[in-house]
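Right, one structure below, let's go through it.
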Amino acid sequence: MHSAPVFDGIIIGAGHHGLVLGAYLAKAGLRILLVERRLMYGGGLATVEATLPGFYHNSHSINHFHISETPWFRDLALADKVAYITPRYEFGQPHPDGSALVFSRDLEETLASVARFSRRDAETFRDWNRKAEALTRDILLPERFSEPLPQEEREAWLSGSALGRDFLEVTRQEPFALVNRLFEHEWVKLLFLFKVSLFGTWLVDTTGRTSPMGSVIRAFDLQTGYQLCRGGSFNLARGLMERFIEAGGSFANQQHVERIVLEGGRASGVELAGGRTVRASRFVASTVDVHQTFEQMIGREQLPAAFQEKLDRFKYTPWTLFGVHFALQESPRFKAAASDPRLDAALKWNVGAESIADLVSAHEDVKAGRVPRIVQFGSGALSANDPAQAPPGRHTTYAWHVMPLHPDLGGQDPEDFERELTGRIIERFAHYAPNMTRKNILKTYTYTARTYGAELINMRSGDIFMGAFSADQVMYNHFGYRTPLDNLYMAGSACHPGGAISGGAGYISAGLIARDLGIEPWWTPVRVP
């Protein structure tokens, strides 16, 4: 950046939304500058050798929902750059009696696993799986990659078909209550609730409340699920960056945006740390959090009063994750695998929560700002499904433990607390998987909100989603792509479809910006109805 060219557009933040947006608009022929504060691009698509050489740990996003089938993965021909693995066994749960429940991509295999605990639950799941597959295919996924319709227009569209009416009926039910009503066996209900809690929410956000998203549908869908990016999550960011550069895009790293330049109420560029200004003739788009964008880069005094109130109402996720990443000699082997060997290969494990009461206790502790009293976490067979994430014959896994944003440590030193909880997690892991001992564990890396909130400053206080998934902030209530300032757009996780790796906000905003600029999209944007 030794010269000062004028770009058509400047995108702030080189996370995956910024990369998707930049790749589309650069291919549309626009001169795009992607500006990133950090040395590395990708945001939550981070893969690091944090323990030992050759052990690749995905410090933020580990499993990606249906990515290889998204419209932007197809449009950008990313299959030529990035490989995805879809494990046969998606969810597994060991039980204290030595049994296990495993959800396969294959319906009959899953039904047989559920039937070991309740034949009635297996038949109920068969019915709901059939319904969920159709709802996901025809409504949930198209809406995920479309600008949300206004509430009345959306309800009119959905009310016009039997499938749409089924979808509306689901959105009017609390997921927690729905699962409890439909199923009878405690452990079956537990794994469904665990699965729902992973789809962008935890119990404190949605399972006890209704939401227009209809996320509970995804608990019953087997064909549309989580995948692994071969070799590590960063490879998705790499593929996107390669497409962006091939299309003529420009990337500037280690450049912190201090200010979005406004001229006559229009965004016309950015001022970088150190005082240098880079101009944009047609638009500026921010993919970072809303308060950094509007309070630090714009200034409240330049915003309408109503928009200031909107900023004040914006809520962040009230929980975060305490992560422990493991370099292992061998992958975890569960005692319960003696009853179902498929458990050891599952992409997602529910470890430590043995009842719905246990799961709810985490919800109550997080609400109260307490460190959860019961050690319970999500984990999964990473290198067992993708050997490229560890040296030959060695393995990786992780433990993600829910935590309040600001846990009450009772005066304990944070580093001492992290060491202590890491030890308790290892002890709990070994209770279910006896080979998870210090002999098998070559090294661990503990990564918490205290660290990643400082590294990725838009994950404010450790909010990995950069905004809560509450009903008043999703779908037609989302923050919005357009802003009160001309030529300034939002294209990050505050916008529909929200946080986590979806690419949705980058994809949708690309179509919206192209239309506003009078550019005919080279792709066919997804639209509903």
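The values are calculated or read from the model by the stated rules, or taken from the named source; none is laboratory data. What you see is a predicted model, and the numbers here were worked out from it, not measured in a lab. Here the Cβ positions follow ideal geometry from the backbone for every residue, glycine too, while neighbour counts run over all protein chains shown.
The set of residues in the stretch 435-465 being crowded, with 17+ Cβ neighbours inside 10 Å and hydroxyl-bearing (Ser, Thr, Tyr) consists of Thr444, Tyr445, Thr446, Tyr447, Thr448, Tyr452.
Which of the residues that make up the stretch 329-355 are outside any loop (DSSP other than H, G, I, E, B) and among the polar types (S, T, N, Q)? Of everything in the stretch 329-355, just one residue is outside any loop (DSSP other than H, G, I, E, B) and among the polar types (S, T, N, Q), namely Asn350. For the stretch 303-328, a residue qualifies if it is modelled with pLDDT under 95 and either surrounded by fewer than 15 Cβ atoms within 10 Å (Cβ to Cβ) or in a helix (DSSP H, G or I) (or both), and exactly one does: Lys315. For the stretch 470-503, the candidate set comprises residues that are of a type outside the set (Ser, Thr, Tyr) and either assigned by TED's automatic domain parsing to the domain that holds Leu456 or in a helix (DSSP H, G or I) (or both); within that set, the residue that is surrounded by the fewest Cβ atoms within 10 Å (Cβ to Cβ) is Asp472. Scanning the stretch 466-520 for residues that are under 16 Å from the mean Cα position of the chain (by Cα), at pLDDT 95 or above and hydroxyl-bearing (Ser, Thr, Tyr) gives Ser493, Ser502, Tyr507. Scanning the stretch 39-75 for residues that are in a loop (DSSP other than H, G, I, E, B) and of a type in the set (Val, Ile, Thr), we see that the one that is nearest to the chain's Cα centre (by Cα) is Ile62. Out of the residues in the stretch 66-75 that are touching a residue at least 24 places away in the same chain (Cβ under 8 Å) and farther than 16 Å from Gly225 by Cα, state the one that is surrounded by the fewest Cβ atoms within 10 Å (Cβ to Cβ). This residue is Asp75. The set of residues in the stretch 449-459 being part of a helix (DSSP H, G or I) and touching a helix residue (DSSP H, G or I) at 6+ places or on another chain (Cβ under 7 Å) consists of Ala449, Arg450, Tyr452, Gly453. Let me confirm something: among Thr136, Thr171, which residue is within 16 Å of Phe220 (Cα to Cα), at pLDDT 95 or above and not charged (D, E, K, R)? Only one candidate qualifies: Thr136. For Leu78, the conditions (1) surrounded by fewer than 21 Cβ atoms within 10 Å (Cβ to Cβ); (2) over 17 Å from the mean Cα position of the chain (by Cα); (3) not assigned by TED's automatic domain parsing to the domain that holds Leu456 are fulfilled apart from (1). Can you find a residue in the stretch 410-433 that is within 22 Å of the chain's Cα centre (by Cα) and either under 22 Å from Glu186 (Cβ atoms) or surrounded by fewer than 17 Cβ atoms within 10 Å (Cβ to Cβ) (or both)? Taking every residue of the stretch 410-433 in turn, none turns out to be within 22 Å of the chain's Cα centre (by Cα) and either under 22 Å from Glu186 (Cβ atoms) or surrounded by fewer than 17 Cβ atoms within 10 Å (Cβ to Cβ) (or both). Whether a residue is among the small types (Gly, Ala, Ser) and at positive phi was assessed, and Gly492 does not pass this test. Does the stretch 385-397 hold any residues that are on the phi < 0 side of the Ramachandran plot, of a type outside the set (D, E, K, R) and surrounded by fewer than 22 Cβ atoms within 10 Å (Cβ to Cβ), and which are they? Answer for the stretch 385-397, where residues must be on the phi < 0 side of the Ramachandran plot, of a type outside the set (D, E, K, R) and surrounded by fewer than 22 Cβ atoms within 10 Å (Cβ to Cβ): Asn385, Pro387, Ala388, Pro391, Pro392. Considering Ala336, Ala327, Ala346, Ala273, the condition of being touching a Pro at 6+ places or on another chain (Cβ under 7 Å) and either under 30 Å from Gly393 (Cβ atoms) or in contact (Cβ under 8 Å) with a residue 12 or more places away in the chain (or both) is satisfied by Ala336 alone.
So is Gly265 in the same structural domain as Arg37 (by TED's automatic domain parsing), loosely packed, with under 14 Cβ neighbours inside 10 Å, touching a strand residue (DSSP E or B) at 6+ places or on another chain (Cβ under 9 Å) and not acidic (Asp, Glu) or not? Yes: the conditions hold for Gly265. Looking for something out of contact with any strand residue (DSSP E or B) (no Cβ under 9 Å at 6 or more places or on another chain) and assigned to a helix (DSSP H, G or I) - is there at least one such residue anywhere in the stretch 95-102? No, the conditions are met nowhere in the stretch 95-102. Working only within the stretch 118-172, note down all residues that are surrounded by 15 or more Cβ atoms within 10 Å (Cβ to Cβ) and either free of Cβ contacts under 8 Å to residues at least 12 places away in the same chain or in the same structural domain as His496 (by TED's automatic domain parsing) (or both). Answer for the stretch 118-172, where residues must be surrounded by 15 or more Cβ atoms within 10 Å (Cβ to Cβ) and either free of Cβ contacts under 8 Å to residues at least 12 places away in the same chain or in the same structural domain as His496 (by TED's automatic domain parsing) (or both): just Ala122. Applying the selection to the stretch 324-347, what residues are closer than 25 Å to Asp463 by Cβ and out of contact with any Ser or Thr (no Cβ under 7 Å at 6 or more places or on another chain)? Across the stretch 324-347, the qualifying residue is only Leu347.
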